[in-house]
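The values are calculated or read from the model by the stated rules, or taken from the named source; none is laboratory data. From a predicted model like this one, the values you see are computed outputs, not experimental measurements. Glycine also receives a Cβ, built like all others from the backbone with ideal geometry; neighbour counts cover every protein chain displayed. Only protein heavy atoms, including side chains, enter the accessible area calculation; ligands, DNA and RNA are left aside. Shrake-Rupley method; radii C 1.70, N 1.55, O 1.52, S 1.80 Å.
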Amino acid sequence: TTNEPADTQVEYGITTVYGSLSPLNTSLITSHSVTLSSLAPSTTYNYRVHSRDAAGNLATSLNRTFTTQALPDTMPPASVTNLAASSITTTSATLNWSAPADLPGGAVASYDIRYSTSPITESNFSSATVVTGEPAPAAPGINQTYIIAGLNSSTLYYTVIKSQDAQGNVSLISN
């Protein structure tokens, strides 16, 4: 905001040498707004504003900074690749697996464990039976377990896990 009508232009860059200029807005106004585009993500920029009134007097602001946002995470977490069943009884089975990673180095946020009496694929995953009370994901590589109870004896079951990260990206089904 200027105290009298003036034009405006923003000088900006990653150092106080700046190096870039916004287009000059020649409208003589007191409330100014400039949109800078084609900026790098997760980068701190220095900027200062130049405004010139109708008489040609130039005012330059102090240096200020802003940091652009990081690119959104659109990469799904890794799939569980070592899902196995153990301690199988007539009505339950214990699932064992290693917690997957959510690149670039984090842990997943949740699991979706399902089972069926038919092989489970990506296309029929949503029709498989959903379990409840899944464990909270551990750090990548940590062994985890979950007991599926209430199964029918002498019945072949298929189980899979999908993991989800904090941004809502979902992995492919496990082995």
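Mind counting the residues in segment 1-19 that are under 30 Å from residue 71 (Cα atoms) and in contact (Cβ under 8 Å) with a residue 12 or more places away in the chain?
Residues in segment 1-19 being under 30 Å from residue 71 (Cα atoms) and in contact (Cβ under 8 Å) with a residue 12 or more places away in the chain: 10 in total.
Per-residue answers, yes or no, for (1) open to solvent by 70 Å² or more (accessible area, probe 1.4 Å); (2) of a type outside the set (Asp, Glu); (3) under 30 Å from residue 2 (Cβ atoms); (4) over 25 Å from the mean Cα position of the chain (by Cα):
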residue	(1), (2), (3), (4)
53	no, no, yes, yes
96	no, yes, no, yes
103	yes, yes, no, no
106	no, yes, no, no
111	no, yes, no, no
117	yes, yes, no, yes
129	no, yes, no, yes
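Are any of the residues in segment 65-88 modelled with pLDDT of 95 or more, among the hydrophobic types (A, V, I, L, M, F, W, C) and under 30 Å from residue 46 (Cα atoms)?
yes
Can you tell me how many residues in segment 96-126 are out of contact with any strand residue (DSSP E or B) (no Cβ under 7 Å at 6 or more places or on another chain) and acidic (Asp, Glu)?
Total satisfying the criteria: 2.
Just one of (1) farther than 30 Å from residue 175 by Cβ; (2) without any contact (Cβ under 8 Å) to a residue 24 or more places away in the chain; (3) touching a strand residue (DSSP E or B) at 6+ places or on another chain (Cβ under 9 Å) trips up residue 86, so point out which.
Among (1) farther than 30 Å from residue 175 by Cβ; (2) without any contact (Cβ under 8 Å) to a residue 24 or more places away in the chain; (3) touching a strand residue (DSSP E or B) at 6+ places or on another chain (Cβ under 9 Å), residue 86 violates only (1).
I'd like the residue in segment 62-84 that is open to solvent by 60 Å² or more (accessible area, probe 1.4 Å) and part of a strand (DSSP E or B) and, out of all such residues, is farthest from residue 37 (Cα to Cα).
That would be 64.
From the residues in segment 132-160 that are within 20 Å of the chain's Cα centre (by Cα) and of a type in the set (A, V, I, L, M), which one is most open to solvent (accessible area, probe 1.4 Å)?
Within segment 132-160, the match that is most open to solvent (accessible area, probe 1.4 Å) is 136.
I'm checking my understanding of the structure. Among residues of segment 161-174 that are in a loop (DSSP other than H, G, I, E, B) and at pLDDT 95 or above, which one is most open to solvent (accessible area, probe 1.4 Å)?
172
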